[in-house]
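Written out below as structure tokens is the structure these notes cover.
Every number here is computed from the coordinates shown, using simple stated rules; none is lab data. This one's a predicted model, so the numbers in the text were calculated from it and none came from an experiment. Note that we place each Cβ from the backbone using ideal geometry, even for glycine, and neighbour counts take in every protein chain shown.
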There are 4 protein chains.
Amino acid sequence: MTTVSLQSLNAADKAQFVAALGDIYEHAPWVAEAVCGRRPFATLAALHDAMAAAVRAAPADQRLALIKGHPDLAGKAARTNAMTSESKSEQASAGLDRLSEAELKEFHRLNNAYRDKFAMPFIVCVRRHSKDSILREFARRLQNHAAAETKAALGEILRIGALRLDQRVEAADRLKVHGRLSTHVLDTHAGHPAAGVAIELLELARHGEPRLIASATTNLDGRSDQPLIGGRPIPIGRYELRFHVGDYFTGRGAAQSDPPFLDVVPVQFAVAEPEGHYHVPLLVTPWSYSTYRGS
Amino acid sequence: MTTVSLQSLNAADKAQFVAALGDIYEHAPWVAEAVCGRRPFATLAALHDAMAAAVRAAPADQRLALIKGHPDLAGKAARTNAMTSESKSEQASAGLDRLSEAELKEFHRLNNAYRDKFAMPFIVCVRRHSKDSILREFARRLQNHAAAETKAALGEILRIGALRLDQRVEAADRLKVHGRLSTHVLDTHAGHPAAGVAIELLELARHGEPRLIASATTNLDGRSDQPLIGGRPIPIGRYELRFHVGDYFTGRGAAQSDPPFLDVVPVQFAVAEPEGHYHVPLLVTPWSYSTYRGS
Amino acid sequence: MTTVSLQSLNAADKAQFVAALGDIYEHAPWVAEAVCGRRPFATLAALHDAMAAAVRAAPADQRLALIKGHPDLAGKAARTNAMTSESKSEQASAGLDRLSEAELKEFHRLNNAYRDKFAMPFIVCVRRHSKDSILREFARRLQNHAAAETKAALGEILRIGALRLDQRVEAADRLKVHGRLSTHVLDTHAGHPAAGVAIELLELARHGEPRLIASATTNLDGRSDQPLIGGRPIPIGRYELRFHVGDYFTGRGAAQSDPPFLDVVPVQFAVAEPEGHYHVPLLVTPWSYSTYRGS
Amino acid sequence: MTTVSLQSLNAADKAQFVAALGDIYEHAPWVAEAVCGRRPFATLAALHDAMAAAVRAAPADQRLALIKGHPDLAGKAARTNAMTSESKSEQASAGLDRLSEAELKEFHRLNNAYRDKFAMPFIVCVRRHSKDSILREFARRLQNHAAAETKAALGEILRIGALRLDQRVEAADRLKVHGRLSTHVLDTHAGHPAAGVAIELLELARHGEPRLIASATTNLDGRSDQPLIGGRPIPIGRYELRFHVGDYFTGRGAAQSDPPFLDVVPVQFAVAEPEGHYHVPLLVTPWSYSTYRGS
């Protein structure tokens, strides 16, 4: 993905500006055009707010066209490779490009039911979701009235636009679209941070195997050098952290049973706020552990 | 399995006595014969001690014959249905009757290596073991010297005999061959035991799926009415307890995120002492939990 | 205190029966007289229920006389040694016999305010209370209307009667007037119960020094051989448990800092249900601990 | 205390330089004189290292004179107000200016015993100590041989010098003479940091009342805005944190018993490394809590 600086956007001519931001809203370069004359933008947030305001201020039929310009999730456009590259990579982020046959059928069924009821595609900001939570949203929103659903679709479009803009433009500020998932291992047997503990983060799914999405080894402060997830939303979904504490305590020569009472400690939890900070620490001895949503 | 009371054993004639206990030691009714004249036995422990002493006091060649009378683990006798019913149910308890092809090959390889080195079958009290720990024992004992290994084999035979006797004979006392695995769920959000929590206990294996071995729902005291494992050894191995706390807190109307931060809490641990008491409690709120080896 | 068996009460003549139970209700042998003819009582609970029913069924003026027969708390009868021996030992149990000058004045003030408003003495089952909670009850009940307060006073009289009866009569059953306070120390550094830990239980007061009410050393199961409080109500109030874990870990040779990070661990908590079971365990390493209301 | 910048020290003439740093080492302006010609010093650490090297390189009799130039702890110079202002404020920091009669006698006894054995005053960097730990050090070092004790005294003098220098000179760097004591309150009942919890930190003493040394209220992240102790060593000693969690949960409307099971939670711990980071968090619900040495 090519990025562009806020500074150069402020200095660009109109054609360049629209070329750079024309796909922030799907098939809707008119949004970029509408804000071009408002430059310069002091911050990325100001640029985003202007674009969002332009969307909200557009006539109803233009807003509806914007909605209808979006592809189905795991739909025909995806299968025939007819999506914008943005949509393609977004749908892939939630695993929609590798669904099982049963899941494809379920999406097909929901897409049809949704189009039958609302005459538009189901839109959700997939970077904030896992496969399971998309299906849950789908089922939930199918119950909406048309007016509420049009509003919901526009809300999701603004979220998609904000995420695309945040990734596209280099600026001193960032949009508030980032979550953070971090951990911390404290060795309460020895009274200090546990260094050198291997950790894996897996995304769980109702159906199908857990998917490894990050691994790390704790540093001297018992933390991973980087957050396990950062700089992007944490998809709503269920996760498992695996802490390899058996190897850690063996390496330290701590007295353990054979086999060790604790070996790999799994901690499963769900993320409900993609922009939230989830800190999930482990306090551990060879015989006990605690975990909690920390801060 | 037919059981018999200690009282009736004390009153039986010799033929009946030997018929009842002749298979406590594999293909070795002479053990029962040897102790028949020592009756009456005041306790089951006294009967066991007498039989064990008879084994230990037997001439070396008779002890060796006793060892050699045992079938291979997952060996030819098992495949051709030529084992005693005792051996058959013991091997099944550790899952040796449902090995994968790869596992069968591994047992075959180890059986051969063992017979080549020691000229006798590998004997282990399988009711105290899982598949994984048998393989670990196998590899470990292959390193032994012959004398140490003969001693180890006899030790296992005495353990097998004790377990068979404990199951066969009704008496006021029990032999010390039982472990206990229990749990306890405390709702530290509300400050009382968590009643109505669904719990599952699974046996884990290095290869293959977890196997459900017990399920329970906590009672008003936050415990299962019966120990999850009791009245028998706990096979050396790795286990997972699954606590369905999301449903519990939803049922109590506790404030949770959507989806709930905690839903099913998995706790994995290993058992190293089959006759030990493993108490593995959970202290839990919708946002935190602790577990430990308790008592 | 002399005790008497339920059996002998059932067999006694009326004079003996009334002599034995005449002071269960303060200066009101008519309660015992009223139930004498209902004998035999199968259980202590049945005897208690009969006596309580007799109190409730008495004419209003007799019930009022019963109320008025009680001494003030820390009042003139106490100072002049004019109380029944039952009242005397009850008031001493809550420390009313060793009040400071300021506290005596406070009781004096409240007694007068209460008598001015309700024309009767303030009655509370002091064995269920500490000094602090009596003062709190006193202030709270002073706000009552007369009818509610008469009902409250009778309720307390029935509690006093139940406790006296439970202590006086030997029977197979006990009345539900007992609480229990227990603890348990688990060494999560070593993975087993902590044996040999010195423990003290102190009663805390808003004013004045903590008062030692029990001490114990944990047994092999990490518990005290006897509950710290049992066989009686736990007075409503605040308590501190002190666990001498520094000495324990030093004795076990566990690595600690110098001075040890943890030495005496204080745990403060309040009891609100005198007949409840308060289990307050400690899970501890040289560097961490947890405590909670358990079961 | 007047401070001076490293920059101006580098620019000063010799007389000014020695005037500014002449009392970093007690009655020993020769240390400042010795390093004056080494200027400019790029960092405070470089200045400190040079001064420490000058002390170590001085002839034995000069080093001994330096040692002998120090006042007794709580000794005659203190009583007659004859100490340098630096020594005076240092001794006050550990409470040596407000000893009880018994403690004064104990110091008198130890000072005499020490002078009798070593013919010099007992020197310890009191800002790293509490009264109790000074007495412990005193008793321990009285057992030393003369050579070891001379070395120990010089080591303490260097620590005193480093602390005085760190406080006197403004520079971009700081010396490694600071510890930090912090806390963090996590509400595991609600799953977020506990804001608005009143906290007190007290220094405990073997004899005498606890002394309040810091109080704070937790901010939105559950922490105090400033470390409870920072920018200086944490005196070796025992401490108590008091967390007012009863008021906090009452303010949040959490269900509690009456009186609340937990009200003020005391956590007692010892500091052994004055330059260490002690993080002592509390994870708390109305019915449970955990604490540990964190990081």
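Key figures for this structure:
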| read-out | value |
| --- | --- |
| Between the stretch B:62-78 and the stretch D:228-295, the Cα center-to-center distance that results, in Å | 62 Å |
| B:SER87, A:SER288 arranged by Cβ crowding within 10 Å, fewest neighbours leading | B:SER87, A:SER288 |
| Where rotation carries B onto A, the chain B residue whose Cβ is nearest that axis, in whole Å | B:SER290, 2 |
| Cα centroid separation - the stretch D:118-146 against the stretch A:102-123, whole Å | 80 Å |
| Taking the C-alpha atoms of the stretch A:182-259, convex hull volume expressed per residue in Å³ | 108 Å³ |
| Spatially close lysines, pair count over the stretch C:1-125: Cα under 17 Å, gap of eight or more or interchain | 5 |
| 7 Å along Cα→Cβ, label-point gaps from C:HIS145 to other copies, nm, shortest first | 4.8, 8.9, 9.4 |
| Chain D - mean residue ellipticity at 222 nm from DSSP helices (-39,500 (n - 2.57) per run, n ≥ 4, rounded to 500) | -12000 deg cm²/dmol |
| Computed Kirkwood radius, in angstrom, where 1/r is averaged over Cα pairs of the stretch C:102-227 | 18.0 Å |
| Value of relative contact order over the stretch A:130-218, rounded to a whole percent, pairs C-alpha under 8 Å and six or more apart | 19 percent |
| Whole-number percent relative contact order across the stretch D:241-283, with pairs defined as alpha carbons under 8 Å at least 6 apart | 44 percent |
| Inter-copy label distances at B:ARG206 (7 Å, Cα→Cβ; nm, one decimal) | 3.6, 5.6, 6.6 |
| Along each principal axis, Cα extent of chain C, largest first, Å | 71, 46, 31 |
| Length added when fully stretched, C:ALA82-C:ALA11, from 0.36 nm per residue minus Cα-Cα | 22.2 nm |
| Point-to-point label distance, A:ARG140-D:ARG115, nm (Cα→Cβ direction, 7 Å offset) | 7.9 nm |
| Inter-probe distance in nm under a simple model that places probes 7 Å from Cα toward Cβ, at B:ASP247 and C:ARG39 | 5.6 nm |
| Rounded FRET efficiency, nearest 0.05, which uses the C-beta distance separating B:ALA198 from C:THR3 and R0 of 51 Å | 0.60 |
| Value of relative contact order over chain A, rounded to a whole percent, pairs C-alpha under 8 Å and six or more apart | 16 percent |
| Shortest-first nm distances, B:SER89 label point to equivalent points in other copies (7 Å, Cα→Cβ) | 5.9, 6.4, 8.4 |
| For A:ILE236, residues with placed amide H under 5 Å, excluding near neighbours | A:HIS129, A:SER130 |
| Shape call, the stretch A:150-295: gyration tensor on alpha carbons, a/c limit 1.5 | prolate |
| Cα-centred dipole magnitude for the stretch C:49-156, charges only on beta-carbon of K, R (+1) and D, E (-1), debye, nearest 20 | 140 debye |
| Cα shape, the stretch B:238-295, gyration tensor, a/c 1.5 rule | prolate |
| Longest to shortest principal axis, alpha-carbon extents of the stretch B:1-160, angstrom | 50, 32, 23 |
| Calculated FRET value between C:HIS207 and D:ASP97, using beta carbons and R₀ = 30 Å, to 0.05 | 0.45 |
| Gyration tensor over alpha-carbon atoms, the protein assembly as shown, equivalent ellipsoid semi-axes in Å | 55, 52, 42 |
| Likely footprinting exposure, C:ASP247, A:ASP116, fewest C-beta neighbours within 10 Å first | A:ASP116, C:ASP247 |
